[in-house]
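What follows is a set of notes on a single structure, which appears directly below.
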Amino acid sequence: MTEESARVPEQLLLEVLYFAGGIRSKLYGATARPEWVPPPEQIGLQNDVYLAPGQFAIDFSRFRFADDVVRPGAAHWFGVYGYAKDLYGDRGNFCGVGLWVPGVRLPDTEGLFDMLLKLVGMLQKSGLTETGPSSEFDDIAERALKFAYGCENWLGLAGPLRAAEPGSTYGARATYVVLEEPFGPGTGLSADLVLAIDALFSSPIGLVTPRILFLPPTDINFDSRITSDRVRQGVQRLLGGSPKSVLVRSLLSIHSDLASELESSSTALRLAEANAAQFEEDAKLVREKYDQLVARLKESKITALLPPMPKEEFFEKLEDILREYLNRLTAARSREQSNLQLEGGSAKVATELNTIKQQLNSLLSNANSKHGVPNSWSQPEAPLPPVGISETSEMPPWWMLAAGAVGLIVAGATVWWVLGQGA
Amino acid sequence: MTQTPHSKKFELELNPHPVAVPDQTVEHSTPPIDEPPAPPSRLGTSESAARVGRQLAAQMDEQGYHPVVIFGSSASGKSSLLTSLLAYLQVDDGAKIQVRLGEPFALDDEAYGEWAHTEATGFFYRSVEEFIGGKAHAATMSPNPFFIPVVIKPHGDAPEMKFAFLESRGDWYNPEEESNEFFQRLREEISSVLVNFQKGISFLHIAPYTQVMTWDESAPSQQSRDVGLRQKADLALVGALNSYKAVRVVKHRDTHLFLVTKWDAHAPPGGNTGSFSAPSIEEVTAVARERYPRAYAAFLNLSLENQEPWQKQLMQYCSGVISGRSVSRPSAELRTQIYRYPRVLWTWLYANATRDDGQQQSLFPRPPPALPTFTDKLNRALAKFLHWIGV
C-alpha cells in the first residue's frame, strides 16, 4: 500500500435521499447496507429546515458505528440537500446526496462538495422517476463513487485512533450555521467554510456537535420549533475562533497524540525485545542442562549393558523370546516321547520352564513399573518371585511318570531275560 | 492549512480520459452479486429501543396514561389529525375541556427522554398554533417515534384523563417491495410498548380518501398516481395490522377505529347531500371497501378475543380543508361541521380510556331535548282530536 492510497478510506458509500411517496433512500457502493452504517432516518432534514427552490444545505454529521464494534473514529456523513417535491405534493420535502466516511480520514471538502452538488442538481432535474433514481443517475452515481475513491480527494489521517465513546444511541440535537456567503452551483465554498469542515473532521471525538447543518445566508425557513440558541451566524461562531486556527490546533493535537502513541509503542517494543532476549538466554541454559543429563544417562553402566530401544521394538523382542521358549518347550516334549529318554529330560524341561517364567516375570515387572514400559534393556531386573513347592509346573506330567515306570519295568525285564539266557 | 487547488473535478458528462483510481477501489465498487439484500438497520440497537419501549409502557401505566397509536402510510394525515384534535380543544368554546401537555416520561435513556419531550412540546404548542393559524404540519421526518402526553379535564364531574399520542413517520409503515419480508416490522420502541402495556390501547388506522393534494390545481391530473399511492397505503395498513397481531398479546381491552380521513375530498363541506358531516354507514363502508380493500378486510377479520361491538368501528374524518400546507379558515357554518369530527373522536377516545379505568364516561354532556316546533304541536293537537272523535 502506497502512502497515497493509505489516505483513502477502506470503504466509501454514496447514499441518495429522495421522496417518492414518502422518504426513501438508495445506497451505492454495497448491495446490502453494511452493519456499521447508521439508518437513513438519522440523516437528512428532520422537520427543522425547509428549503426553497435554489437553496442548498450541507450536512456534517458524526455517528457511532451502528454495529457497536469498537473501531477508530466514527461514521461520518457529509451530505448536500436541495429542494424537492413528493408525489403527494409539496410537504416541506427535500432531496439529498451524501458520502458515508468511516474512521479518521480527512477529505478534500471542496472537490467532494462539488461532486455532491452536481448529483443533487441532477436528481432535482431529471434523475428521479416515480419509482426512484433513474438508471442514468445510477450510472453517474457509480462513477461519482469511483471518483470519490481517488487519492486526490483525501488529505490523510484526520483524528486519533480512538473509538467513539459509547453512549445513548439516540442522536444529539443539530446546530444550524447560517453562512455569511452563499454557496451553490458555480459559486463553490468559501475558504473559511472549507477549513471549518476540515476542522470538524479533525476534531477529537466527543468534542464537536454530532450534527451540523450549514445553510445559505438568506431566507431560511426554519421550523418554528428551532430555538435561536441552536442557530449560529457564521463558522467562527460555531467553532469559537478562526477555522484555520482551530484546524491547526486539531492537527497539532492529532500529531501530539500520535507521537505519544508512537513513543509508548516504541517503549513497549523495547521491553518486549529485552524480554525476548532474556527468554532466549534462559532457554539456552535449560537446553545445556538437558543435554548434560542425557549424556550422563548414556554414560551409566546400566545403559551400557543393553542399548536403549523404543517401545515397539521392546514388544517385538518380547514376542520373539516367548516364541523361542515355547518352541524349545515343544521340541523337548517331542524328544522325550520318541526316545523315551527321560533321564534328565524332565528336569531340563522344568529348568527351562523356570527360566521362561523368570524372564517373563522380569519383563512384566519392567512393563508395569511406575515409569511405564522400559525404553531399554538397561532397566534393572526385577527380583525373582518365590518359587513354591506346590507349583505343578515343576512336576513332570503323569504320563511321563507312567512312561518312565513302564520303561523301568521293561528295562528290568530285559536285563532279567538277558541274564536268564546267559545262565 | 492551505487547500491545494483542486485540479480534477467530477464531471457529470462521461470523460474520455477517466481518472485513474487505486486498485483497491475495484473490490469496493464491484461487490459480490450473490449477497441477498439485508433489511434496513434500525435506530440504535434493538436492545436499547426495546428498553425504551418497556420503560415507556411502565411509565404510562404508572402515571395513568391511555396510549393512542396511530398507524398510517406517508401523507395519510396522521399529523394533521393529531393537530386538529389538539387544536379543536383550544378553538371551540363549546368544548368546555381544559387541555395541557403532560409531564415527560422518566427513562434511563435520558437523551431519548429529553429529545422526545422536546419534540412533544414542539408539536403540542408550535405545530398546533401553526395549524390554528392556517399552516399544516409538514411531512414528519423525526428520526424516532415519540409519544405526546396530553391531559384533558372536562368541566363538571367527568374525571381528568391522560392520553399518550404516538407520532411517527409514515414511511415506517410503507411496504418494502424489495425485501423478502415485504411488510415492515414495527419500530422496536412501538412494538415494545404494545408488548408491555397490559391495559387497553386505542388504535387509529388512517386510510385517506386520497393520497394527493385534494384542493391542488393539479389534483385531477394526479388521479392515476393516486391509485398507485393508495395501493401502497392499503398495504401499509395491512402490515401494521399484521404487526399488531404478532406482538400484542393483551387484545381484549383494545379498541380499533378505521378512519377514512380527508373526507372533504369525497364530499365537500357544506354540500346539499349532507355527506360531509352525516354520511350513512353504508356510504363510508363502501368507500373503505373500494379504496382500501386489503386493509379493510384485515381490519374486519382482526380477532380481539371478546369481539365486543365497541372494539372495532369505522368512521370518516376531516382534519380541515387542507391543500399542501395551507389550512383554510372555515366559515361559521362550516366550522360546526368540521369541528364535529374532532369532537366525536375525542368522545370515542375518552370513552375508551374511562372504560379501561372501569367506569365509562361521556366526555361531552348530552344535548338537552329539542324544544317542540309549531309543526310538532300541531301534529300533537291533531292526534288528540282524532282520538277524541274515535278515529
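For the range B:138-186, a drop of 50 Å² or more in accessible area on going from the chain alone to the assembled protein chains (1.4 Å probe) is found at B:Ala139, B:Met141, B:Pro143.
Shielding value for A:24-33 is 4, the average number of Cβ atoms from other chains within 10 Å of each residue's Cβ.
For the segment A:222-233, counting C-beta atoms of other chains within 10 Å of every residue's C-beta and taking the mean gives 2. Taken one residue at a time, the phi angles of the range A:216-231 give Karplus couplings (6.51, -1.76, 1.60, θ = phi - 60°) of x, x, 10, 6, 7, 9, 7, 5, 5, 7, 7, 7, 5, 5, 9, 10 Hz. Gly and Pro are set to x. Computed over neighbours whose Cβ is under 14 Å from that of B:Glu282, the net charge equals -1, Lys and Arg +1, Asp and Glu -1.
Counting only lysines at least 8 places from B:Lys135 when in the same chain, those with an alpha carbon closer than 19 Å to its own are A:Lys85, B:Lys78, B:Lys262. The candidates A:Asp257, B:Asp93, arranged from most to least accessible area with a 1.4 Å probe in the full protein assembly, appear as B:Asp93, A:Asp257.
Which of the DSSP-defined H helices in chain B satisfy a minimum axial length of 24 Å, computed from C-alpha atoms, and a minimum mean Kyte-Doolittle hydropathy of -1.0? Length and hydropathy pass: B:46-63, B:223-247, B:332-357. Estimated from the Cβ-Cβ distance and a Förster radius of 51 angstrom, the FRET efficiency linking A:Val418 and A:Glu312 is about 0.25. Solvent-accessible area of the range B:262-386 (1.4 angstrom probe, protein heavy atoms only): carbon and sulfur portion equals 55 percent. FRET efficiency for the A:Asn354 to A:Ser266 pair, using the beta carbon distance and R₀ = 51 Å, is estimated at 0.05. Residues whose amide H lies under 5 Å from that of A:Phe63, counting only those 5 or more places away or on a different chain, are A:Ala75, A:His76, A:Trp77; hydrogens are built 1.01 Å from N in the peptide plane.
Only protein heavy atoms count here; under a 1.4 Å probe, B:Ser362 has an accessible surface of about 60 Å².
Shape of the range A:1-137 from the C-alpha gyration tensor: prolate (a/c of 1.5 or more and a/b above b/c, with a ≥ b ≥ c the square roots of its eigenvalues). For the range B:118-205, a/c is not less than 1.5, where a ≥ b ≥ c are the root eigenvalues of the C-alpha gyration tensor, and a/b does not top b/c. That puts it in the oblate class. Taking every C-alpha pair closer than 8 Å and separated by at least 6 residues, the mean separation divided by the residue count of the range B:192-345 gives a relative contact order of 31 percent. When A:Val231, A:Val37, A:Val286 are compared by accessible surface with a 1.4 Å probe, the order from highest to lowest is A:Val286, A:Val231, A:Val37. Modelled this way, with points 7 Å down the Cα-to-C-beta line, the labels at B:Glu160 and B:Asp92 are 2.3 nm from one another. Rounded to the nearest 100, the interface formed by chains B and A buries 5800 square angstrom of accessible surface, both chains summed, with a 1.4 Å probe.
I need the calculated FRET efficiency for the pair A:Glu180 and B:Val344, taking r as the beta carbon distance and R₀ as 51 Å, to the nearest 0.05. So the FRET efficiency works out to roughly 0.45.
The values are calculated or read from the model by the stated rules, or taken from the named source; none is laboratory data. All values derive from a computational prediction rather than experimental measurement. Positions of Cβ are generated from backbone atoms using ideal geometry, with glycine treated the same way; all protein chains shown enter the neighbour counts. Heads up: the accessible areas ignore ligands, DNA and RNA and are worked out on the full protein's heavy atoms, side chains in. Shrake-Rupley method; radii C 1.70, N 1.55, O 1.52, S 1.80 Å.
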